[in-house]
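Right, one structure below, let's go through it.
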Amino acid sequence: MSQQISSIPLIKKVCKTTLQFFKNNPALFLPFIIFAAVESIALILCYFAPRTPLIFIFGPIIRTFWGERFLHYPFNFFLLPKLTSLSRFALSTIFGSLLTGMAVAIAFDIYNKKEVNLKASFKSAAKKYIDLFTIVFIFSALFYFLVKIIAEGLLQYFLAGHSKLLFLKPALWMGPILLCINFIIALFIQSAFIYAIPLLIIGKEKLIHSITGSFRLFFKKLLIPTLILVGLPMLIYIPIVLLNYNPAILIDKFFPEFILVVLFLGIVISSLIIDPIVTISTASLYLISEQK
Amino acid sequence: MKRITALIILSCFFAFLVGCGSDQYAIEKQYYQAQKQAEKIFKNPHASPPKELEKVVGILNNFAKKYPQNNLAVSADFDIARLYIIKEEYDKARMHLKTLLSKYSKSEAICSEAVFLTGNSYQIEDKWDLALEQFKKIMREYPLTLRGLNIPIYIAQYYKIKYQPDKMLVAYQEAINHYQALADKHPDSPPAYNAYLLAAQCYMEIKDWQNVINTFNTILETYKGKVNLDAVLLDMALLYNRELKDKLKAKETLERLIKDYPRSRLVKTATALLKELGNK
């Protein structure tokens, strides 16, 4: 309880600092804009996957893993959220790791009142690319597999003939409860790994130390403020999750391309709103807590 | 920054180029849009004005004319007939279906569907004799199509629904004769295999269990080693157990299933059944 009370002024200070960072240095948005652009290109490619000439490349892959029907209109829109989520996983690991490192380096320069040098920030992140890549890969894979294991576990449980789990019906478990579980998993995994990149780029720590250090910071020192700074912006994404939950309804009530609009909105919200806020606010929190 | 902007513009241009193509996907999209228009009428046929019907029929007609080689053109053509039927414009529907018979004369499957829909239109109008005429035409002219194989049972089921047991029994007997004749005419062929299975289904409907077993035995003798017969053996065992109360034969059949098809997904069920029979 005492930690929560003392967290409020700290969070206020972090929010103020983060706002000032963005207000005075719009260049801080650049890594996130680049990532959003790359993600948008990936989305466009996934959207055009069933069409000539892209079908020659994507056709065999989609046919093998998901089936022929997903290469036809409008069934390709049912697969689009899955393809986008997989491409986000790959892009976050390959590009996102580097760009987040770059953003943290820029934030560090701003915090130390140094002139923002995009090239230098990029170089300092590029030097640690393998470590950044590994951190984001571990974090993303852990999230992906945990979510998959829980969903599969629930599915197998109900397929085995059980009609209820903890007095609740399958529809509730596979719907809203699973969404909440996924949200909590995402929140805790992201929060636990969130200081690994600042520790790597700002603290100049080695890979393993930056990960263990991040766990230590989160669980022992900054649990509540981190959960608030990571969790609150993530709430903005809930409407997109809900809209993506049942593509069939969207296709039927509106039009198939509506899925594309929702996914594009998802990119805008996650890459241009949530990621900048979470990355820079937690980097600020790290810097402020280190100063103390 | 300039490079990134150039890359984005290039990607958009590329996407635009891809989007302009008239490939199978573009055709499917056009058909989906036409279908959505038709759906409005299907959902509420009495509330939609006649102009709307003409508009949608026009769209579907244009689609079928624009892509005559595409499979979706056939679907569009049938959508038109179904639209006329749902709007109770039966003569127009039949006229359209008649044109389909000449348009797709090379495809027996399509023709059988056109005749079936014609029969359906009479059935909806409560003109069963005329409908039956069309269904018999399918039996005569397109017996090996999917519709042709199923139509004798469809006729018998009509009498069942209408509570006409005498006519139903006659129809099932006719169906059995039809399937026997088909199997004799095309021995050892896939249609003959289907005909035997359908004949067994007919015997089941009239509760002639011994003839079901005889038909299954014919299938087992004729198609052993050619087709997976695990499902036939399981059905046979269930029949021995439940209807003929012959536990010994049921056990023998299940043991044969396990021996002949050890990798079958039905082995688990067969083993459980054997265990159950052993306990009794």
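If we scan the stretch A:233-252, do we find a residue that is within 20 Å of A:Pro31 (Cβ to Cβ) and either more than 14 Å from the chain's Cα centre (by Cα) or in a helix (DSSP H, G or I) (or both)?
For the stretch A:233-252, residues within 20 Å of A:Pro31 (Cβ to Cβ) and either more than 14 Å from the chain's Cα centre (by Cα) or in a helix (DSSP H, G or I) (or both): present.
Looking at (1) closer than 19 Å to A:Ala196 by Cα; (2) within 14 Å of chain B (Cβ to nearest Cβ), find the lone condition where A:Thr100 falls short.
Unmet for A:Thr100, out of (1) closer than 19 Å to A:Ala196 by Cα; (2) within 14 Å of chain B (Cβ to nearest Cβ): (2).
Taking only pairs six or more apart or across chains, which ones have beta-carbon atoms under 6 Å, a first residue in the stretch B:152-177 that is open to solvent by less than 30 Å² (accessible area, probe 1.4 Å), and a second residue that is assigned to a loop (DSSP other than H, G, I, E, B) and not polar (S, T, N, Q)?
Pairs found: B:Tyr172/B:Ile206.
Does the stretch A:269-288 contain at least one residue that is free of Cβ contacts under 8 Å to residues at least 24 places away in the same chain and either among the charged types (D, E, K, R) or in a helix (DSSP H, G or I) (or both)?
The initial filter retains those residues of the stretch A:269-288 that are free of Cβ contacts under 8 Å to residues at least 24 places away in the same chain, namely none.
For the stretch A:269-288, residues free of Cβ contacts under 8 Å to residues at least 24 places away in the same chain and either among the charged types (D, E, K, R) or in a helix (DSSP H, G or I) (or both): absent.
Rundown of residues vs (1) open to solvent by less than 80 Å² (accessible area, probe 1.4 Å); (2) aromatic (Phe, Trp, Tyr), yes/no style:
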| residue | (1), (2) |
| --- | --- |
| A:Val136 | yes, no |
| A:Phe145 | no, yes |
| A:Gly153 | yes, no |
| A:Gln156 | no, no |
| A:Gly175 | yes, no |
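Within the stretch A:30-42, count every residue that is in contact (Cβ under 8 Å) with a residue 60 or more places away in the chain, within 24 Å of A:Ile61 (Cβ to Cβ) and within 10 Å of chain B (Cβ to nearest Cβ).
1
Condition (residue is part of a helix (DSSP H, G or I), surrounded by 20 or more Cβ atoms within 10 Å (Cβ to Cβ) and β-branched (Val, Ile, Thr)) applied to the stretch B:86-105: is it met by at least one residue?
no
Report whether or not A:Leu54 is among the aliphatic types (A, V, I, L, M), within 14 Å of another protein chain (Cβ to nearest Cβ) and farther than 27 Å from A:Gly213 by Cβ.
Numbers: among the aliphatic types (A, V, I, L, M): yes; within 14 Å of another protein chain (Cβ to nearest Cβ): yes; farther than 27 Å from A:Gly213 by Cβ: yes.
Here the answer is yes, as A:Leu54 does meet what is asked.
Step by step: first the residues of the stretch A:152-201, then only those that are at pLDDT 90 or above and of a type in the set (Gly, Ala, Ser), then the one that is nearest to A:Thr93 (Cα to Cα). Which residue is that?
A:Ala196
Residue-by-condition table, conditions (1) open to solvent by 40 Å² or more (accessible area, probe 1.4 Å); (2) touching a helix residue (DSSP H, G or I) at 6+ places or on another chain (Cβ under 7 Å); (3) aliphatic (A, V, I, L, M):
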site: A:Ile201; (1), (2), (3): no, yes, yes
site: A:Glu205; (1), (2), (3): yes, yes, no
site: A:Ile211; (1), (2), (3): no, yes, yes
site: A:Ser214; (1), (2), (3): no, yes, no
site: A:Ile224; (1), (2), (3): no, yes, yes
site: A:Pro233; (1), (2), (3): no, yes, no
site: A:Ile249; (1), (2), (3): yes, no, yes
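From the list B:Ala76, B:Ala34, which residue is open to solvent by less than 20 Å² (accessible area, probe 1.4 Å), within 25 Å of the chain's Cα centre (by Cα) and within 14 Å of chain A (Cβ to nearest Cβ)?
Working: B:Ala76 fails: within 14 Å of chain A (Cβ to nearest Cβ).
Unique residue meeting the criteria: B:Ala34.
With A:Leu200, A:Leu178, A:Leu165 as the choices, which residue is in contact (Cβ under 8 Å) with a residue 40 or more places away in the chain and among the hydrophobic types (A, V, I, L, M, F, W, C)?
A:Leu200
Residue check, A:Pro81 against (1) free of Cβ contacts under 8 Å to residues at least 40 places away in the same chain; (2) more than 14 Å from chain B (Cβ to nearest Cβ); (3) touching a helix residue (DSSP H, G or I) at 6+ places or on another chain (Cβ under 8 Å), all met but one. Which one?
(1)
Output yes when any residue across the stretch A:15-29 is in a helix (DSSP H, G or I), touching an Asp or Glu at 6+ places or on another chain (Cβ under 9 Å) and buried (at least 18 other Cβ atoms within 10 Å of the Cβ), and no when none is. Full working, then the answer.
Step one: filter the stretch A:15-29 for residues in a helix (DSSP H, G or I), giving A:15-24, A:26-29.
Cutting the leftovers down to touching an Asp or Glu at 6+ places or on another chain (Cβ under 9 Å) gives us none.
No, that holds for no residue.
Do we find that B:Val227 is open to solvent by 10 Å² or more (accessible area, probe 1.4 Å), outside any helix (DSSP H, G or I) and among the hydrophobic types (A, V, I, L, M, F, W, C) in this structure? Spell out the reasoning first.
Numbers: open to solvent by 10 Å² or more (accessible area, probe 1.4 Å): yes; outside any helix (DSSP H, G or I): yes; among the hydrophobic types (A, V, I, L, M, F, W, C): yes.
Criteria met by B:Val227.
Scan B:Lys29, B:Lys43, B:Lys65 and give me the residue that is within 14 Å of chain A (Cβ to nearest Cβ) and either in contact with a Phe, Trp or Tyr (Cβ under 9 Å, 6 or more places away or on another chain) or under 30 Å from A:Pro53 (Cα atoms) (or both).
Numbers: B:Lys43 fails: either in contact with a Phe, Trp or Tyr (Cβ under 9 Å, 6 or more places away or on another chain) or under 30 Å from A:Pro53 (Cα atoms) (or both); B:Lys65 fails: within 14 Å of chain A (Cβ to nearest Cβ).
On inspection, the qualifying residue turns out to be B:Lys29.
When you check A:Phe158 against the structure, is it hydrophobic (A, V, I, L, M, F, W, C) and in contact with a Pro (Cβ under 7 Å, 6 or more places away or on another chain), yes or no? Let's see the steps before the verdict.
Values: hydrophobic (A, V, I, L, M, F, W, C): yes; in contact with a Pro (Cβ under 7 Å, 6 or more places away or on another chain): yes.
Against the criterion (hydrophobic (A, V, I, L, M, F, W, C) and in contact with a Pro (Cβ under 7 Å, 6 or more places away or on another chain)), A:Phe158 qualifies.
Residues that are in a helix (DSSP H, G or I) and crowded, with 16+ Cβ neighbours inside 10 Å: does the stretch A:159-168 have at least one?
Of the stretch A:159-168, the ones in a helix (DSSP H, G or I) are A:159.
Now drop any that are not crowded, with 16+ Cβ neighbours inside 10 Å, which leaves none.
There is no residue in the stretch A:159-168 that is in a helix (DSSP H, G or I) and crowded, with 16+ Cβ neighbours inside 10 Å.
Failed condition for A:Pro60, given (1) within 22 Å of A:Val278 (Cα to Cα); (2) more than 14 Å from every other protein chain (Cβ to nearest Cβ), with all others met?
Among (1) within 22 Å of A:Val278 (Cα to Cα); (2) more than 14 Å from every other protein chain (Cβ to nearest Cβ), the lone unmet condition for A:Pro60 is (1).
I want to confirm something. Restricting to the stretch A:224-280 and keeping residues that are small (Gly, Ala, Ser) and farther than 18 Å from A:Glu39 by Cα, which single residue is modelled with the highest pLDDT? Give the derivation first.
Residues of the stretch A:224-280 that are small (Gly, Ala, Ser), as a first pass: A:231, A:248, A:266, A:270-271.
Keeping just the survivors that are farther than 18 Å from A:Glu39 by Cα gives A:231, A:248.
On the way: A:Gly231: 91, A:Ala248: 88.
Top of the filtered list is A:Gly231.
Report whether or not A:Cys15 is touching a helix residue (DSSP H, G or I) at 6+ places or on another chain (Cβ under 6 Å) and either under 30 Å from B:Leu72 (Cα atoms) or of a type outside the set (Phe, Trp, Tyr) (or both). Please lay out each step first, then the result.
Numbers: touching a helix residue (DSSP H, G or I) at 6+ places or on another chain (Cβ under 6 Å): no; either under 30 Å from B:Leu72 (Cα atoms) or of a type outside the set (Phe, Trp, Tyr) (or both): yes.
The answer is no for A:Cys15.
If a residue has to be assigned to a helix (DSSP H, G or I), open to solvent by less than 20 Å² (accessible area, probe 1.4 Å) and within 14 Å of another protein chain (Cβ to nearest Cβ) to count, how many in the stretch A:253-268 make the cut?
Qualifying residue count for the region: 2.
The values are calculated or read from the model by the stated rules, or taken from the named source; none is laboratory data. Remember, it's a predicted structure, so these values are computed and weren't measured experimentally. FYI the Cβ positions are ideal-geometry reconstructions off the backbone, even for glycines, and counts take in every protein chain you see. We work out accessible area using only protein heavy atoms, side chains counted, and drop any ligands, DNA or RNA first. Shrake-Rupley method; radii C 1.70, N 1.55, O 1.52, S 1.80 Å.
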